[in-house]
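See structure below.
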Amino acid sequence: MIMTEHGTLESAIEVMQRGADDYIRKPLDLQAVAARLKRMLEHRSLAHESLLREQEMAERYDFRKIVGESEAMKRVLEMVRRVARTDSTVLITGPSGTGKELIARAIHYNSGRRAKPFVAVNCAAIAESLMESELFGHRKGAFTGAVENKQGFFNYASEGTLLLDEIGDMPIALQAKLLRAIESHEIIPVG
C-alpha cells in the first residue's frame, strides 16, 4: 500500500502497475486504512489458498502417479499427456471402474485449465425432465417453476473442464443438442 500527500491519478495508476495493492492519500482516515488493509490481507489469503489447492491437485493428478505397466496403458498415458497440452474436446470410454474420471482429472490438472473449475456430472443421476436445464441452464419463465434465470453445468465449468459421465443415459435428442454445443462452442439455455 502506497501513501502520499500530493498524489495524482496518473501517479496512482503508475504505482499500481508497478505492483502496489492500494494507494491512499493524506490525511489518513485510520478506519478506512484498516478496512483496506484487512481487505488486502483477505484477498492475499484467498489467492494463497487457491494456489495451494491448485498445487495440491496438480500433485494428486500428476501423470507419474497413474500406474500402468502394459504397453497399451503406456500408449494411453502418452496420449493423455499430449491431449492435456491442447484445448481439444476429449471422449474417454471404458467400462465402469476403469479410471475414466481419474484420466479426465489428470488431463484437467495438467493443462492450462488447471486453475479453472472441474465439474463432474453423472448424467444417470439427473432426471430426464431436468437434464437439459441442468446442463445448459434456463431462462426465467422457460417452464413451470423457472422463476429466475439459472446457469447450467456448462456455464459453471466455463473455461475449465466439464466431465459428463454416463452420457449414454441421456435422451437421443439431448445428445444431439450436446453434440451441437460441443461443435459450435455455443450454449443455448432452455427458453
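Show me the helices (runs of 4 or more DSSP H) found entirely inside the stretch 113-191 where at least 3 residues are in contact with a helix residue (DSSP H, G or I) (Cβ under 9 Å, 6 or more places away or on another chain) and β-branched (V, I, T).
none
Among the residues of the stretch 167-185, are any touching a Cys at 6+ places or on another chain (Cβ under 6 Å), surrounded by fewer than 18 Cβ atoms within 10 Å (Cβ to Cβ) and outside the structural domain of V90 (by the TED database)?
Yes - at least one qualifying residue is present in the stretch 167-185.
Regarding the stretch 66-76, can at least one residue be identified that is in a loop (DSSP other than H, G, I, E, B) and either over 30 Å from D165 (Cβ atoms) or small (G, A, S) (or both)?
yes
Is at least one residue of the stretch 47-65 over 30 Å from G168 (Cα atoms) and not in a helix (DSSP H, G or I)?
no
Under 9 Å by Cβ, and 6 or more places apart or on different chains, what pairs join a residue from the stretch 7-18 that is free of Cβ contacts under 8 Å to residues at least 24 places away in the same chain with one that is surrounded by 10 or more Cβ atoms within 10 Å (Cβ to Cβ) and in a helix (DSSP H, G or I)?
G7/V15
Could you list all residues from the stretch 92-137 that are of a type in the set (F, W, Y) and surrounded by fewer than 20 Cβ atoms within 10 Å (Cβ to Cβ)?
F118
Only residues in the stretch 147-171 that are in contact (Cβ under 8 Å) with a residue 12 or more places away in the chain count as the first member; pair them with residues that are of a type in the set (G, A, S), Cβ under 6 angstrom, at least 6 apart or cross-chain, and list the lot.
Note: pairs meeting the criteria are K150/G137; Q151/G137; G152/G137; N155/G137; L163/A104; L163/A120; E166/A124; D169/A124.
Looking at this structure, is M3 part of a helix (DSSP H, G or I), without any contact (Cβ under 8 Å) to a residue 60 or more places away in the chain and either within 32 Å of the chain's Cα centre (by Cα) or over 21 Å from F118 (Cα atoms) (or both)?
Answer is no for this residue.
Quick test for you: out of A12, A20, A35, A84, pick the one residue that is closer than 19 Å to E159 by Cβ, surrounded by 11 or more Cβ atoms within 10 Å (Cβ to Cβ) and outside the structural domain of E186 (by the TED database).
Criteria check complete, one pass: A84.
State all residues of the stretch 35-82 that are without any contact (Cβ under 8 Å) to a residue 12 or more places away in the chain and within 18 Å of the chain's Cα centre (by Cα); if no residue qualifies, say none.
Those that are without any contact (Cβ under 8 Å) to a residue 12 or more places away in the chain and within 18 Å of the chain's Cα centre (by Cα): L46, A47, H48, E49, L51, L52, R53, Q55, E56, E59.
Where the second residue is assigned to a strand (DSSP E or B) and the first is basic (K, R) and lies in the stretch 108-123, which pairs have Cβ atoms under 6 Å and are six or more apart or on separate chains?
Sorted first by the residue in the stretch 108-123, then by its partner, the pairs are R113/T161.
Does R53 count as at pLDDT 90 or above and either loosely packed, with under 15 Cβ neighbours inside 10 Å or polar (S, T, N, Q) (or both)?
no
Identify, please: which residue in the stretch 144-166 is among the hydrophobic types (A, V, I, L, M, F, W, C) and surrounded by 13 or more Cβ atoms within 10 Å (Cβ to Cβ) and is, among those, farthest from the chain's Cα centre (by Cα)?
A146
The values are calculated or read from the model by the stated rules, or taken from the named source; none is laboratory data. Note that the structure is predicted; figures quoted are calculated from it, not measured. Methodologically, a virtual Cβ is constructed for each residue, glycine included, from the backbone with ideal geometry; neighbour enumeration extends over all protein chains shown.
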